[in-house]
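Asks: This is the structure I have questions about; it appears just below.
The values are calculated or read from the model by the stated rules, or taken from the named source; none is laboratory data. Just so it is clear, the structure is predicted and the values come from calculations on it, not from any experiment. Don't worry about glycine lacking a Cβ; one is built from the backbone with ideal geometry, like all the others, and counts go over all protein chains shown. Quick note on the areas: whole protein, heavy atoms, side chains included, nothing else; ligands and nucleic acids left out. Shrake-Rupley method; radii C 1.70, N 1.55, O 1.52, S 1.80 Å.
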Amino acid sequence: MCGIVGFYKKNEVNIDIKSLTACLKKRGPDASGVYSNNSVSLGHARLSIIDLATGQQPMSSDDKTSVIVFNGEIYNFKQLRTSLVNSGFNFKTQSDTEVILIGYQYWGIDTLLEKLEGMFAFALWDEKLNKLFIARDKFGEKPLFYYENENGLFFASELKALEPILDNKEISLEALNLYFSLTYIPAPLTIYNQVYKLEPGHYLSIDSSNVVSKKQFYNLKNIVENNQNNQIEDYAEAQRLLKELLFESVEKRMVSDVPLGSFLSGGIDSSIISAIMAQISSTPISTFSIGFTEKDYDESERAQLVAKHIKANHNQHMLSVEELLTYTNEIIEYFDEPFGDSSAIPSYIVAKKAREKVTVVLTGDCADELFGGYEKYLGNYYAEKWNKYPGILKNIVSATANSIPHNSITNHTLRKVKKVIKSASLTPDKRYENLTTLGYNKLEKQNLLLPNNYANSSNNITQYYSNLNSQNQLTKTFYSDVNLVLEGDMLPKVDRMCMINSLEARVPFLDSKIVDFSFKLPNQFKINGTNKKRILKDTFGYLLPKETLSFSKKGFGIPIRIWFKNELKSELLSLIEKDFIIAQNIFNPDYIEQLVNEHMTNKENHSTKLWLLFVFQKWYKLHA
């Protein structure tokens, strides 16, 4: 795991590639290197994982005509290497980087990218063609930002390495609106108007014509649509295939020349990954979890139960409110743009603690999106139930829900009931938008933003859902979440919170064979009534303590609702001080005052809305 940065020069530029590379030191603390000629400059910051002795970058081909900087891991590099050796190529290193370099020379960029299984972002310079390629993996596990102006095409693993060369930092209104709707900014947008994220499964190229071209090399939409006519109807066979695929994926991701472990929250997904690792490993694996001194947020007993069952060397750290707050500023700043998923804070701390003992971790991320783990996947189920109630009963329940104050006892149930009531009357695409909008809905956002700053985000949020040629609402939801939620929220959170601690995270559920397989499953294999992730539990339950299978999902929640009434109250109020809000010319100060008052008096739980404001304002003061 590393950081890359560089640029193609349309004109002569006076930019120090070494200083840009230094911006990525947390991603790659072990070594750095640069390459420059009249056309390109490439920089690399290295976190050594495989081939510690000879895997330095930038790496050049034997004939010096191709140069690469690469971030990530290629899990099938040994098979590709064998194929290339059989075709007559010689290798100087044991690294996956050299496999990409030689593979490009033999197969070309398109065939190479089709063959790669892994997480990656790389830039490859072809001296013969005078052409630069930059590519991002199939699902967006590794980040890649780019920016083009009259002087060149610039790229980096993180925005912080591009900020020093931006002509201006004008805020993108489209991105601003998506952030306050979704809590994150999905590709291809960033918070800045002229800077973009390269979409997963795409590559850019530029040559002496100075024209930038973009091409898609992985099309999940085609795969999902084709798989609708190729469903696996036999449940036992589906279980057999899933077990085979996941064991294979975990084993490939356990290849490392440095210490390796797993995140173990106690939830079903991380428990399955950890249990499979324990089955494969000849020695006890290392597992890492955090617990909360506030019992409402604590899952540590679950993690301990699983760790004991699989005989792991378990490492648990108990968190207090004070410790969580200690790291908040550092975390918000590291994302470089507003990122409102508050679970990044505990994710940061478990990564920090893991890095004290290992350099690589496997995680259980992405099982929810592929196998139906989120409560929102029951949206249609609950809507059908709700719509069968007589009108008078619905009116009574709605009025009661709106009259009950939010507190530690009522909060979870109230939020769920209100969400169900609100989405039940909507069309399927609008229900998807409503359930995916974790921040401000359309009306709330119109109240929050001044009229000239408001933009309707509906098309951005529902684009994947609406564009899939399928009549199955759940399939459309899974497909959309892989494209939108994974790329924009889950994967950036894991990447940044591990990279800030110089820790590499690997995600076995996101193997392309497993993604393909998941869309061949009838949805009743994933969700049966309200039984979510059915096939995961049925297939891997034998590896886990029986009670694990009935645990309700918690996730990395933190007590924001309480913080804003206590520890963070003064800072929140200073960030939304009326004169400052008016000077910003972005928000409606009266509506913000209303949100704060309703929250402080328990009339409503506006913790997410206020957190989004809190994060944005802190980012604004640092960057805008």
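Asks: Accessible surface of Val212 in the full protein assembly, 1.4 angstrom probe, to the nearest 10 Å²?
Replies: In the full protein context, Val212 sits at about 40 Å².
Asks: How compact is region 235-282 by the rule of thumb for globular proteins, expressed as Cα Rg over 2.2 N^0.38 Å?
Replies: 1.23
Asks: Cα gyration tensor of region 112-179, axes a ≥ b ≥ c as square roots of the eigenvalues: rounded (a/c below 1.5), prolate (a/b > b/c) or oblate?
Replies: oblate
Asks: Across every pair of different alpha-carbon atoms, what Kirkwood hydrodynamic radius in Å does region 529-589 reach?
Replies: Its Kirkwood hydrodynamic radius stands at 16.1 Å.
Asks: Got the relative contact order for the chain handy, in percent, Cα pairs under 8 Å and 6 or more residues apart?
Replies: Contact order relative to length: 16 percent.
Asks: Using just the helices of the chain, give the 222 nm mean residue ellipticity in deg cm²/dmol: DSSP H runs with n ≥ 4 each add -39,500 (n - 2.57), and the total is spread over all residues, rounded to 500.
Replies: Taking each H run of at least 4 residues, the total per residue is -12500 deg cm²/dmol.
Asks: Counting pairs of Cα atoms in region 472-518, how many percent are more than 17 Å apart?
Replies: Of all Cα-Cα pairs in region 472-518, 45 percent lie more than 17 Å apart.
Asks: How big is D, in µm² s⁻¹, for region 311-356 by Stokes-Einstein at 10 °C and 1.306 mPa s if Rh is the Kirkwood radius over C-alpha pairs?
Replies: 135 µm²/s
Asks: Please provide three numbers in whole Å: the alpha-carbon extents of region 1-112 along the principal axes, with the largest listed first.
Replies: 44, 30, 21
Asks: In Å and from the alpha-carbon atoms only, list the Rg and Dmax of region 216-257.
Replies: 14.3, 42
Asks: Now for a different question. What does the charge dipole of region 68-158 about its Cα centre add up to, to the nearest 20 debye, if the Cβ of each Lys and Arg holds +1 and the Cβ of each Asp and Glu holds -1?
Replies: 340 debye
Asks: Can you give the accessible area of Trp611, probe radius 1.4 Å, in Å² rounded to 10?
Replies: In the full protein context, Trp611 sits at about 10 Å².
Asks: So what are region 502-542's ellipsoid semi-axes, whole angstrom, largest first, if each one is the square root of 5 times an eigenvalue of the alpha-carbon gyration tensor?
Replies: 24, 14, 9
Asks: Also, I was wondering about something else. Using only the alpha-carbon atoms of region 56-159 as identical scatterers, what base-10 log of I(q)/I(0) does the Debye formula give at q = 0.15, 0.21 Å⁻¹?
Replies: Debye curve over Cα of region 56-159, log10 I(q)/I(0) at q = 0.15, 0.21 Å⁻¹: -0.60, -1.16.
Asks: Please state, rounded to one decimal and in Å, the Kirkwood hydrodynamic radius that region 484-624 gives when every pair of distinct Cα atoms enters the mean of 1/r.
Replies: 19.3 Å
Asks: If you count only protein heavy atoms and use a 1.4 Å probe, how large is the accessible surface of Glu114, to the nearest 10 Å²?
Replies: Around 120 Å² of this residue is reachable by solvent.
Asks: Mind running the shape call on region 419-540? Use the C-alpha gyration tensor, a ≥ b ≥ c as the square roots of the eigenvalues: rounded below 1.5 for a/c, prolate if a/b tops b/c, oblate otherwise.
Replies: oblate
Asks: Which of the three applies to region 278-391, rounded, prolate or oblate, going by the alpha-carbon gyration tensor with a ≥ b ≥ c and a/c under 1.5 meaning rounded?
Replies: oblate
Asks: Additional query: Can you pull the Kirkwood radius for region 200-357, inverse mean 1/r over Cα pairs, to one decimal in Å?
Replies: It works out to 19.3 Å.
Asks: Let me ask something else about it. Long-range amide H contacts for Ala312: which residues qualify at under 5 Å (H placed 1.01 Å from N, peptide plane, sequence gap of 5 or more or a different chain)?
Replies: none
Asks: Which residues in region 576-608 have a backbone N closer than 20 Å to a point placed 7 Å from the Cα of Asn193 along the Cα-to-Cβ line?
Replies: 583-587
Asks: Just from the alpha-carbon atoms, what are the Rg and Dmax of region 432-475 in angstroms?
Replies: So, for region 432-475, Rg and Dmax equal 12.8, 38 Å respectively.
Asks: So which lysines pass the test for Lys569, namely a Cα distance under 21 Å, with those fewer than 8 places away in the same chain ruled out?
Replies: Within reach: Lys578, Lys603, Lys609, Lys618, Lys621.
Asks: Run the quick spin-label model on Asn130 and Ser320: label points 7 Å from Cα toward the beta carbon, then report their separation in nm to one decimal.
Replies: 6.4 nm
Asks: So, one more: Counting Lys +1, Arg +1, Asp -1, Glu -1, what net charge surrounds Asp207 among other residues with beta carbon under 15 Å of its beta carbon?
Replies: Around Asp207, the surrounding residues sum to +3.
Asks: Consider all pairwise Cα distances in region 161-220 and report the whole-number % of them above 14 Å.
Replies: Counting every Cα pair in region 161-220, those more than 14 Å apart make up 66 percent.
Asks: If a paramagnetic tag sat 7 Å from the Cα of Leu450 along the Cα-Cβ line, which residues of region 584-613 would have the backbone N under 17 Å from that point?
Replies: 584-593, by backbone N distance to the label point.
Asks: Among Thr183, Ser289, Cys2, whose Cα sits farthest toward the positive end of the charge dipole of the chain (+1 at Cβ of Lys/Arg, -1 at Cβ of Asp/Glu, about the Cα centre)?
Replies: Ser289
Asks: Would you list Val85, Val195 from the most to the least accessible area, probe 1.4 Å?
Replies: Most to least solvent-accessible, the answer reads Val85, Val195.
Asks: Hey, with R₀ at 45 Å, roughly what FRET efficiency would Lys243 and Asp590 work out to, going by the Cβ-Cβ distance, to 0.05?
Replies: 0.20
Asks: Assuming R0 = 25 Å, can you tell me the calculated FRET efficiency for the pair Thr82 and Asp62, based on Cβ-Cβ distance, to the nearest 0.05?
Replies: Between Thr82 and Asp62 the formula returns 0.85.
Asks: Could you tell me what % of all Cα pairs in region 73-133 have separations over 13 Å?
Replies: When all Cα pairs of region 73-133 are counted, 59 percent exceed 13 Å.
Asks: While we're looking at this one, here's another question. What is the percent carbon and sulfur in the accessible area of region 421-522, measuring with a 1.4 Å probe over the protein chains and ignoring ligands?
Replies: About 48 percent, which is the carbon plus sulfur part of the accessible surface.
Asks: While we're on this one: Cα centroid distance between region 475-552 and region 62-139, in Å?
Replies: Distance between centres, Cα-based: 29 Å.
Asks: Now, a different point. What is the Å³ per residue value for the convex hull set by the Cα atoms of the chain?
Replies: Output value, Cα hull per residue: 155 Å³.
Asks: Can you give the local net charge around Asn467? Use residues other than it whose beta-carbon is closer than 12 angstrom to its beta-carbon, Lys and Arg +1, Asp and Glu -1.
Replies: Once all neighbours under 12 Å are counted, the net charge is 0.
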